[in-house]
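The values are calculated or read from the model by the stated rules, or taken from the named source; none is laboratory data. Note that the structure is a prediction, hence the values are computed from the model and not measured. Counting neighbours? That spans all protein chains shown, and the Cβs are built from the backbone with ideal geometry, glycine included.
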Amino acid sequence: MSEIRVERLTKRFNETAALDAVSLEFAAGSFTALLGPSGCGKTTMLRLIAGFEAPSEGRVLFGDELMADPQQQVPPEARGVGVVFQSYALWPHMDVAENVAYPLRARHVKRGEIAGRVGAVLDIVGLNGFESRRIEELSGGQRQRVALARCLVADAKIILFDEPLANLDMHLRSSMVDAFRDIHRRTGATIVYVTHDQAEALALADRVAIMSEGKVLQAAAPQEVYRAPANATVAGFVGRGSIVAGLAIDHAEGSATVDIAGHRLMVRSAGTSAGPVKILLRPEALRISPEGMPATVLDSIYRGPVHEVRLALPMLPGQDPGQELLIDSTEAIAVGQRVHLTVSDAWIIPGA
Ligand code: ADP
Ligand code: MG
């Protein structure tokens with residue numbers, strides 16, 4: 001049974017729909033990332049699940065229990081949901097232990113029990129020994145860990161995170177990614193994690209829901225979203241890569257033969273229609289080799305471990321001009337050089 005279910009959930013502010021008839025299930029114990037650009041409705045979805053907003057249409061269920069429809073809503077404090085926002089909202093005049101203990105005090109948990117539970121969650125977030133530190137003595141990353149601990153101490157079965165790492169620098173973010181994976185393992189909670197950072201979403205979640213303009217475009221395992229995006233918007237939003245035009249010639253189960261700029265190759269495909277198609281080529285699936293698809297080097301940028309090389313496909317009569325590809329090369333390649341590429345994997349983007 002799914003822990004959280006939203007059915008044709010719509011939220012309108014004035015005229016525009018921040019959330020537009022979204023149906024989505026979150027399995028018990030799953031870790032789902034809501035991924036999409038700013039303004040696509042991620043926070044609105046979380047606020048509706050938490051109960052801070054009421055639906056304009058549709059409903060929210062936890063298990064079989066109705067949490068909200070346009071007529072009636074269970075109040076946030078009765079939903080048993082933990083929420084952590086980008087801003088930590090800690091009490092500056094309390095120390096770390098007092099901040100973390102706050103939800104337990106509010107529920108009149110016994111003093112002796114509080115100390116043990118606070119210690120246990122500070123352990124999980126790696127802040128053992130920080131009990132009597134003042135909030136202003138802490139770094140941004142440590143403050144976010146305190147906010148996390150305060151959420152965890154309540155032992156909620158559903159935890160919602162709204163861009164919890166957005167205020168942290170890159171180095172801290174990657175160490176916090178480990179903390180979130182650990183929290184999921186230890187608590188077994190159903191987690192919904194909002195981010196606009198695709199690397200974070202792919203690394204953390206067991207399912208990624210890609211959102212755009214109030215709709216969910218695809219909800220699938222990270223590998224599936226990356227390897228088999230449901231449409232061009234998802235393909236463009238997740239991972240690096242190139243989308244090129246080609247011609248589908250022949251179809252088999254799950255694959256097709258295509259012609260890209262006069263070169264034939266086998267690609268993965270979910271459909272069966274012949275004719276013009278758009279094909280996604282990821283950098284790691286392209287390799288320079290003695291023969292294969294011809295291309296000319298346009299540009300090469302050193303990106304750390306690899307050179308990111310931009311290549312032009314040959315222009316053929318009747319085909320799209322100016323088609324480009326991106327590859328990663330361990331060696332620098334001179335601009336203007338002609339090369340050949342082998343393609344180990346490619347995907348026909350449905351409906352593109
Ligand atoms: P995200 O979290 O993906 O950046 P939001 O859910 O915050 O997006 O917002 C989705 C859309 O709804 C945006 O266009 C935003 O301006 C609008 N919106 C969100 N909350 C309100 C509100 N309280 N009043 C009016 N418009 C809102
Ligand atoms: Mg938001």
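For (1) within 12 Å of ligand 1 (Cβ to nearest atom); (2) over 30 Å from Gly116 (Cα atoms); (3) assigned to a loop (DSSP other than H, G, I, E, B), each residue gets a yes or a no:
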position	(1), (2), (3)
Glu3	no, no, no
Leu24	no, yes, no
Thr44	yes, yes, no
Gly58	no, yes, no
Leu61	no, yes, no
His93	no, no, yes
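Which is surrounded by fewer than 22 Cβ atoms within 10 Å (Cβ to Cβ) and within 16 Å of ligand 1 (Cβ to nearest atom), of Glu163, Glu136? Spell out the reasoning first.
On the way: Glu136 fails: within 16 Å of ligand 1 (Cβ to nearest atom).
Unique residue meeting the criteria: Glu163.
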Original post:
For the range 63-89, what are the residues that are among the polar types (S, T, N, Q) and assigned to a loop (DSSP other than H, G, I, E, B)?
Top reply: Gln71, Gln72, Gln86, Ser87
**OP:** Kindly list, by first and then second residue, each pair from a residue in the range 169-198 that is modelled with pLDDT of 85 or more and more than 16 Å from ligand 1 (Cβ to nearest atom) to a residue that is of a type in the set (Lys, Arg) and part of a loop (DSSP other than H, G, I, E, B), limited to pairs with Cβ atoms under 6 Å and residues at least 6 apart or on different chains.
**Re:** Ala189/Lys157
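Considering Arg5, Arg59, Arg12, which residue is in contact with a Phe, Trp or Tyr (Cβ under 8 Å, 6 or more places away or on another chain), of a type outside the set (A, V, I, L, M) and more than 22 Å from Glu200 (Cβ to Cβ)?
Working: Arg59 fails: in contact with a Phe, Trp or Tyr (Cβ under 8 Å, 6 or more places away or on another chain); Arg12 fails: in contact with a Phe, Trp or Tyr (Cβ under 8 Å, 6 or more places away or on another chain).
Within the list Arg5, Arg59, Arg12, the selection yields Arg5.
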Subject >> Criterion (away from ligand 1 (no atom under 16 Å from the Cβ), on the phi < 0 side of the Ramachandran plot and surrounded by fewer than 18 Cβ atoms within 10 Å (Cβ to Cβ)) met by exactly one of Ala89, Ala106 >> reply: Ala106
**OP:** Inspect all residues belonging to the range 224-231 and state whether any of them is surrounded by 22 or more Cβ atoms within 10 Å (Cβ to Cβ) and hydroxyl-bearing (Ser, Thr, Tyr).
**Re:** no
Original post:
Out of curiosity, is Gly41 in contact (Cβ under 8 Å) with a residue 60 or more places away in the chain, of a type outside the set (D, E, K, R), more than 22 Å from Ala189 (Cα to Cα) and touching a Gly at 6+ places or on another chain (Cβ under 6 Å)?
Top reply: yes
Original post:
Of the residues Glu284, Glu291, Glu253, Glu224, which is under 25 Å from Gly318 (Cα atoms) and more than 16 Å from ligand 1 (Cβ to nearest atom)?
Top reply: Glu291
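With Pro70, Pro55, Pro76 as the choices, which residue is under 24 Å from Asn167 (Cβ atoms) and not aromatic (Phe, Trp, Tyr)?
Numbers: Pro70 fails: under 24 Å from Asn167 (Cβ atoms); Pro55 fails: under 24 Å from Asn167 (Cβ atoms).
That would be Pro76, the only listed residue that is under 24 Å from Asn167 (Cβ atoms) and not aromatic (Phe, Trp, Tyr).
Select from the range 147-163 the residues that are of a type in the set (D, E, K, R) and closer than 22 Å to Ala201 by Cα and list them in ascending order.
As a first pass, look at the range 147-163 and keep what is of a type in the set (D, E, K, R): 150, 155, 157, 162-163.
Those that are of a type in the set (D, E, K, R) and closer than 22 Å to Ala201 by Cα: Lys157, Asp162, Glu163.
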Original post:
Quick one: how many residues across the range 21-52 are surrounded by 19 or more Cβ atoms within 10 Å (Cβ to Cβ) and of a type outside the set (Val, Ile, Thr)?
Top reply: 16
**OP:** Looking only at the range 14-29, decide whether some residue is away from ligand 2 (no atom under 16 Å from the Cβ) and in contact with a Pro (Cβ under 9 Å, 6 or more places away or on another chain).
**Re:** no
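Which count do you get for residues in the range 257-305 that are small (Gly, Ala, Ser) and closer than 15 Å to Ala346 by Cβ?
Step one: filter the range 257-305 for residues small (Gly, Ala, Ser), giving 261-262, 269-271, 273-275, 285, 289, 292, 295, 300, 304.
Of the ones still in play, those that are also closer than 15 Å to Ala346 by Cβ are 261, 269-271, 285, 292, 295.
Summing the residues that are small (Gly, Ala, Ser) and closer than 15 Å to Ala346 by Cβ in the range 257-305 gives 7.
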Original post:
Mind checking which pairs have a first residue in the range 207-233 that is of a type in the set (Asp, Glu) and a second that is in a loop (DSSP other than H, G, I, E, B) and within 16 Å of ligand 1 (Cβ to nearest atom), Cβ under 8 Å, 6 or more apart or different chains?
Top reply: Glu213/Cys40; Glu213/Gly41
Original post:
Conditions: (1) more than 21 Å from Ala27 (Cα to Cα); (2) touching a Ser or Thr at 6+ places or on another chain (Cβ under 8 Å); (3) β-branched (Val, Ile, Thr). Val125 meets all but one. Number of the miss?
Top reply: (2)
